[in-house]
Amino acid sequence: MKANIVFEMAKDGGCSCYMLEELPDFGLLGFGNTPQEAKADMLKAYEEINDLLVKEGKTPIKLEFVYHYDMKSFFEYFDFLNVSKIAERAGINPSLMRKYTSGVANAGEGQYLKLKKAINSIAKELAVANF
């Protein structure tokens, strides 16, 4: 079963992630100072819940995670990516992009679509790159 996990950065700098789907035995949440910490917290909860289900004689639930990020949490999680270069590749003003990633401004759907297209293009290029 697919579990859609949404990451959100809080105004105080913390991060949370949560599962969109509702399951009969549990839901998943994670919190941390970074998206990586929030993800680790959520995965630990998932493991603990499955252990509890086994102890109760129930079948553990196998989930395939699909991660969804807001712009700020995406660039925090993938902090090795150069925000300005990706903005240029996506056709977004780099200065405006830095405002999006810092939380000063919010991107609209059109900007997210441009960014998604650029990230998918980079992913394809990386997938066929060799050393």
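I need the full set of residues from region 42-59 which are open to solvent by less than 40 Å² (accessible area, probe 1.4 Å) and either under 15 Å from residue 119 (Cα atoms) or not hydrophobic (A, V, I, L, M, F, W, C) (or both), in order please.
Selection gives 46, 50.
Say we look at region 70-86 and pick out the residues that are open to solvent by less than 50 Å² (accessible area, probe 1.4 Å) and under 22 Å from residue 19 (Cβ atoms); which of these is farthest from the chain's Cα centre (by Cα)? I'd like the intermediate steps shown before the answer.
Filtering region 70-86 down to residues open to solvent by less than 50 Å² (accessible area, probe 1.4 Å) leaves 70-71, 73-75, 77, 81, 83-84, 86.
Restricting the remaining residues to those that are under 22 Å from residue 19 (Cβ atoms) gives 70-71, 73-74, 77.
On the way: 70: 7, 71: 9, 73: 6, 74: 6, 77: 7 Å.
Ranking the qualifying residues of region 70-86, first place goes to 71.
In region 28-63, what residues are in contact with a strand residue (DSSP E or B) (Cβ under 8 Å, 6 or more places away or on another chain) and over 30 Å from residue 102 (Cβ atoms)?
Across region 28-63, the qualifying residue is only 63.
Residue 39 passes all but one of (1) open to solvent by 90 Å² or more (accessible area, probe 1.4 Å); (2) touching a residue at least 12 places away in the same chain (Cβ under 8 Å); (3) charged (D, E, K, R); which number fails?
Residue 39 satisfies every listed condition except (1).
Name, by its number, the condition in (1) out of contact with any helix residue (DSSP H, G or I) (no Cβ under 7 Å at 6 or more places or on another chain); (2) open to solvent by less than 100 Å² (accessible area, probe 1.4 Å) that does not hold for residue 62.
Going through the list (1) out of contact with any helix residue (DSSP H, G or I) (no Cβ under 7 Å at 6 or more places or on another chain); (2) open to solvent by less than 100 Å² (accessible area, probe 1.4 Å), residue 62 breaks only (2).
Within 24 Å of residue 10 (Cβ to Cβ), touching a residue at least 12 places away in the same chain (Cβ under 8 Å), among the charged types (D, E, K, R) and surrounded by 14 or more Cβ atoms within 10 Å (Cβ to Cβ): which single residue out of 98, 89 fits that description?
Numbers: 89 fails: within 24 Å of residue 10 (Cβ to Cβ).
Within the list 98, 89, the selection yields 98.
The values are calculated or read from the model by the stated rules, or taken from the named source; none is laboratory data. As the structure is a computational prediction, the values presented were derived from the model and not from experiment. For neighbour counting, all protein chains shown are included, and Cβ atoms are generated from backbone atoms with ideal geometry for every residue, glycine included. Areas reflect the complete protein model, heavy atoms only, side chains present, ligands, DNA and RNA absent. Shrake-Rupley method; radii C 1.70, N 1.55, O 1.52, S 1.80 Å.
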